[in-house]
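Asker: Here it is, the structure, as structure tokens.
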Amino acid sequence: MSADLLAEIREDFLALEQKDRLLLLLEFANDLPELPKNFQDHPDLLERVVECQSPVFIFVDLDAGGAFHLHATAPRESPTTRGFASILAQGLDGLSAQQVLAVPDDYPQSIGLSEAVSPLRLRGMSAMLGRAKRQLRERLAA
């Protein structure tokens, strides 16, 4: 996986008309990866992203090779939030810790959805990214 995937996702959004950006976000919502079994059995390992209006929970880990993985849950009835979680889960997957920490904090504002979704929802996506980076820093420090 390359750090370019997030850039590609941003370009995909920016290439579309405003109304079609929401459709792309819904596609991401439908593609949110399932939680691995060990997380399904232990929801206590996931951290709630309280800035999101919907109940969103995330957990990050690094595999034996040092590749980053973000696991997230968001309800199907919250497609915007679920789409944001999916963008981050897919876009960050497999990156190195340094690549993840280098993702600009304003990435959520850079994908052209500010006219399509509320500022509150964009803040929620920023909070997901911020929490993922904080959890990663804690893992690296441990």
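Asker: So for the chain, taking the charge dipole from beta-carbon charges (+1 Lys/Arg, -1 Asp/Glu), which of A7, L22, P108 sits furthest toward the positive end?
Answerer: About the Cα centre, the residue reaching furthest to the positive side is P108.
Asker: If you put +1 on each Lys and Arg Cβ and -1 on each Asp and Glu Cβ, how big is the dipole of segment 80-140 around its Cα centre, in Debye rounded to 20? Write out the running numbers ahead of the final one.
Answerer: On the way: 8 positive and 5 negative charges, 52 e Å.
Dipole magnitude for segment 80-140 comes out near 260 debye.
Asker: Helix 18-30 sits at what angle to the longest principal axis of the chain, using alpha carbons and giving 0 to 90 degrees rounded to 10?
Answerer: It works out to around 30 degrees.
Asker: To the nearest 20 debye, what charge dipole does the chain have about its Cα centre, counting +1 at the Cβ of each Lys and Arg and -1 at the Cβ of each Asp and Glu?
Answerer: Numbers: 14 positive and 21 negative charges, 88 e Å.
The dipole magnitude comes to about 420 debye.
Asker: Specify whether the C-alpha gyration tensor of segment 1-73 places it in the rounded, prolate or oblate class, a ≥ b ≥ c being the square roots of the eigenvalues: rounded for a/c under 1.5, otherwise prolate if a/b is larger than b/c and oblate if not.
Answerer: oblate
Asker: Between helix 119-141 and the chain, what is the angle of the helix's C-alpha long axis to the longest principal axis, kept within 0 to 90° and rounded to the nearest 10?
Answerer: The two axes meet at around 20 degrees.
Asker: So, one more: Percent relative contact order of the chain, based on C-alpha pairs within less than 8 angstrom and at least six residues apart?
Answerer: Value for the chain: 31 percent.
Asker: Expressed as an acute angle from 0 to 90° and rounded to the nearest 10, what is the orientation of the C-alpha long axis of helix 79-92 relative to the principal long axis of the chain?
Answerer: Value to nearest ten degrees: 50.
Asker: Is the C-alpha gyration tensor of segment 41-124 telling us rounded, prolate or oblate? Criteria: a/c under 1.5 is rounded; beyond that, a/b larger than b/c is prolate, otherwise oblate.
Answerer: Working: a/c = 2.31, a/b = 1.25, b/c = 1.85.
Since a/c reaches 1.5 but b/c is at least a/b, the shape of segment 41-124 is classed as oblate.
Asker: Turning to a different aspect of this structure: Carbon and sulfur atoms: what percent of the 1.4 Å accessible area of segment 28-142 do they account for? Kindly include the intermediate steps, with their values, before the conclusion.
Answerer: Working: 2860 of 5420 Å².
On segment 28-142, the fraction of accessible area on carbon and sulfur atoms equals 53 percent.
The values are calculated or read from the model by the stated rules, or taken from the named source; none is laboratory data. Because the structure is predicted, anything quoted here is derived from the model rather than measured. A quick note on method: Cβ atoms are made from the backbone with ideal geometry, for glycine too, and the neighbour counts reach across all protein chains shown. Note: accessible area is taken over every heavy atom of the protein model, side chains too, but ligands, DNA and RNA are not part of it. Shrake-Rupley method; radii C 1.70, N 1.55, O 1.52, S 1.80 Å.
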